[in-house]
Amino acid sequence: MKKQALIIISSANELPLNNLTKQKIDTGFFLVEMGKILDTFKDDYEFIFATPNGEKPTLDINGESLSMQAGEKLGIASVKEKFYKDPTNYRQKNTKLVDRREKELNTLYDLLGKLPVSQNLSNTDEETKEFRKQIVRKMDDLEEKKFYSLKELLENNADNN
């Protein structure tokens, strides 16, 4: 039997920018911040996923830009990304980043199932804009998984102290 690990993910899907105009942008969680951990420990742990309110988390598409996969080289990768207008050419030049993203997304698909995907921001790079369509199509085919609320987890496990 695997050990269990609780993963708490934000279910926030909007970021208010201006209280007066009620202007907001779509947001969600960045898989790049969690993907490596899930992939590293998925064989040894059963993950229990929760959000503060039990609602499904939203995958923030802007965290799936290839430059985000570059880690400590994010700045230089972001600058390079802006010069490429052809997403296919950019992917061909950055196969390590593409492979990392695919690996993390496959882990997400297996463990978290069908999730909403945020909208692209207005200045999102062309590769990520195009890639969002592929992720949404893939999500449509996945099973929906249960996300517990923190309150629900505490109530269900109150007797296990």
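Quick notes on this structure:
- Cα-based Kirkwood hydrodynamic radius, segment 1-54, one decimal, Å: 13.3 Å
- Cα-based reach from Lys73 at 14 Å (exclusive), listing aspartates and glutamates while leaving out same-chain residues under 8 positions away: Glu81
- Rg and Dmax of the chain, Cα atoms only, in Å: 17.3, 57
- Per-residue ³J(HN,Hα) for segment 10-15, Karplus 6.51 cos²θ - 1.76 cosθ + 1.60, θ = phi - 60°, Hz, x for Gly and Pro: 5, 9, 5, 10, 9, 10
- Of the residues Ile37, Ile61, Ile48, the one that moves most in a GNM of the chain with alpha-carbon contacts below 10 Å is Ile37.
- Distance (nanometres) between label positions extended 7 Å along Cα→Cβ at Glu33 and Ser10: 0.5 nm
- Positive dipole terminus of the chain, leading residue within Thr107, Met34, Ser122 (C-beta point charges): Ser122
- C-alpha long axis of helix 74-83 to longest principal axis of the chain, angle in °: 50 degrees
- Within the chain, the longest segment free of exposed loop sites, counting GluC sites (Glu not before Pro) that fall outside DSSP classes H, G, I, E and B and have at most 16 other Cβ atoms within 10 Å, spans 56-142.
- For Leu6, nonlocal amide neighbours, meaning residues 5 or more places apart or on other chains whose placed amide H falls under 5 Å from its own, are Ile48.
- Helix 95-112 axis, angle to the chain major axis (alpha carbon atoms, nearest 10°): 30 degrees
FYI, it's all coordinate maths here, none of it is from the lab. Since this is a predicted model, take the numbers as computed values, not measurements. Please note: Cβ atoms are built from the backbone with ideal geometry, for glycine as well, and neighbour counts cover all protein chains shown.
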